[in-house]
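Each remark here refers to the structure printed beneath this line.
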Amino acid sequence: MMGGATARVPAKINLHLGVGPLRDDGFHELSTLYCALSLYDDVTVRAADELSVTVHGESRRQVPSDATNLAARAVVALAAHAGTDPRVEITINKSIPVAGGMAGGSADAAGALVAAARLWRLDIERDELLAIAADLGSDVPFSVVGGAALGTGRGERLLPVLHRGEMHWVLAVAGTGLSTPDVYREIDRLRARDDADRPAAAGVARPDALMQALASGDVHAVAPLLHNDLQPAALSLQPMLRRTLRAGREAGALAGMVSGSGPTCAFLCADADAAVSVAAELSGSGVAKAVRTASGPVPGARLVQNN
Ligand SMILES: C[C@](O)(CO)[C@H](O)COP(=O)(O)OP(=O)(O)OC[C@H]1O[C@@H](n2ccc(N)nc2=O)[C@H](O)[C@@H]1O
Ligand SMILES: Nc1ncnc2c1ncn2[C@@H]1O[C@H](COP(=O)(O)OP(=O)(O)OP(=O)(O)O)[C@@H](O)[C@H]1O
């Protein structure tokens, strides 16, 4: 087998997702606090005679294996930037839920960038890589960087955020995914309908209290400050998620919310033992297709094998 490079890339949740007004370019202005979680996709690239994508994992059938796969698009974009031959065989071992609001496609794009840069021995600045990442999708730069970060603009402009300790999460994965553009369209519809809604500009305020709570490492201070402006839109499109959120809280989570554009629900727990018990109870309650535990913040895309 020819030499290759593998990058391991985490899923993300948004501890805070403030959605501002719709911009002229079709994106919403955001103020978001990203957190990378210990649920990973592995992306391997190897030199080959043609560009190909193979996906492994339970959800493989929901992921395109042609040139529209975000990992393939990432490799093509990086090769164009570097003046390199883009023909590689891409293998994705997928654990991040597809269309789950956890940046699964973005993780694969980030992994492909990092692995291909290594395979081709590119001497590329971090900022150049992040600019290519931002062109691929708003969440892709964070998938490269990981940890905890404040995202502004359409989510692609990042500042690292101080954090202490480890948070323990339970993730309830839904049977049917949600399309990110549909969820943004739904929040616009709900806001246009609801005169009482707060001004959209409030969505881009910086989540200072949450950032302080993260820096203190006090999970009980973090829990009441979790917030997602897209949650009402996700609940409107998938009303059953209300039951999932209720079940997680009743099972003993400190707080629960829809992750990003959903429909995965994320529950913050007091510690690792509490997470195991919340996960066990949620699994038995039948509200989710699958239940996972994960911790974070964890690092972003990183090479795990290079031969
Ligand atoms: C919901 C989040 O996951 C939260 O981090 C992201 O905002 C979505 O990021 P993403 O999946 O990387 O999204 P992109 O691929 O950049 O955009 C997909 C679509 O989502 C909508 N979109 C995305 C980001 C943003 N700030 N405003 C938007 O309105 C737009 O309709 C866009 O066409
Ligand atoms: N490598 C990939 N992995 C998963 N989905 C991909 C990939 N490439 C393209 N897609 C397409 O993108 C769609 C969105 O999938 P993805 O898992 O990225 O959603 P998501 O996690 O909700 O995104 P986000 O949280 O960034 O909004 C899928 O329905 C799929 O058709």
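The values are calculated or read from the model by the stated rules, or taken from the named source; none is laboratory data. What you are looking at is a predicted structure, and each value in this text was computed from that prediction instead of being measured. Here the Cβ is made from the backbone with ideal geometry for all residues, glycine too, and neighbour counts use every protein chain on show.
Values as computed for the structure displayed
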quantity	calculated
Flag if Ala67 is hydrophobic (A, V, I, L, M, F, W, C) and away from ligand 2 (no atom under 13 Å from the Cβ)	no
Pairs, first assigned by TED's automatic domain parsing to the domain that holds Leu268 and at pLDDT 90 or above in the stretch 192-213, second in a helix (DSSP H, G or I) and surrounded by 14 or more Cβ atoms within 10 Å (Cβ to Cβ), C-beta under 6 Å, six or more apart	Ala209/Leu225; Leu210/Leu225; Ala213/Ala221; Ala213/Val222; Ala213/Leu225
Identity of the residue in the stretch 283-306, without any contact (Cβ under 8 Å) to a residue 60 or more places away in the chain and crowded, with 16+ Cβ neighbours inside 10 Å, that ends up nearest to Ser59 (Cα to Cα)	Ser283
Whichever residue in the stretch 18-34 is away from ligand 2 (no atom under 13 Å from the Cβ) and in contact with a Leu (Cβ under 9 Å, 6 or more places away or on another chain) and, among such residues, is farthest from Ile92 (Cα to Cα)	Gly20
Boolean, Ala107 is within 12 Å of the chain's Cα centre (by Cα) and either among the polar types (S, T, N, Q) or buried (at least 24 other Cβ atoms within 10 Å of the Cβ) (or both)	yes
Qualifying position, being closer than 19 Å to Leu303 by Cβ, crowded, with 19+ Cβ neighbours inside 10 Å and modelled with pLDDT of 95 or more, among Leu17, Leu37, Leu33, Leu113	Leu113
Residue check for Ile92: within 13 Å of ligand 1 (Cβ to nearest atom) and surrounded by 21 or more Cβ atoms within 10 Å (Cβ to Cβ)	no
Filter pass, Thr152 being away from ligand 2 (no atom under 16 Å from the Cβ), hydroxyl-bearing (Ser, Thr, Tyr) and under 21 Å from Leu37 (Cα atoms)	yes
Extreme residue, surrounded by the fewest Cβ atoms within 10 Å (Cβ to Cβ), among residues of the stretch 233-282 that are of a type in the set (D, E, K, R) and part of a helix (DSSP H, G or I)	Asp273
Search result, residues across the stretch 43-55 that are assigned to a strand (DSSP E or B), away from ligand 2 (no atom under 12 Å from the Cβ) and not polar (S, T, N, Q)	Val45, Arg46, Ala47
Options Asp135, Asp139, Asp123: the member that is more than 16 Å from ligand 1 (Cβ to nearest atom) and assigned by TED's automatic domain parsing to the domain that holds Arg8	Asp123
Check on Leu122, away from ligand 2 (no atom under 14 Å from the Cβ) and either under 21 Å from Ser38 (Cβ atoms) or out of contact with any Lys or Arg (no Cβ under 9 Å at 6 or more places or on another chain) (or both)	yes
Members of the stretch 154-192 found to be crowded, with 20+ Cβ neighbours inside 10 Å and more than 25 Å from Gly137 (Cα to Cα), listed by number	His163, Met167, His168, Trp169, Val170
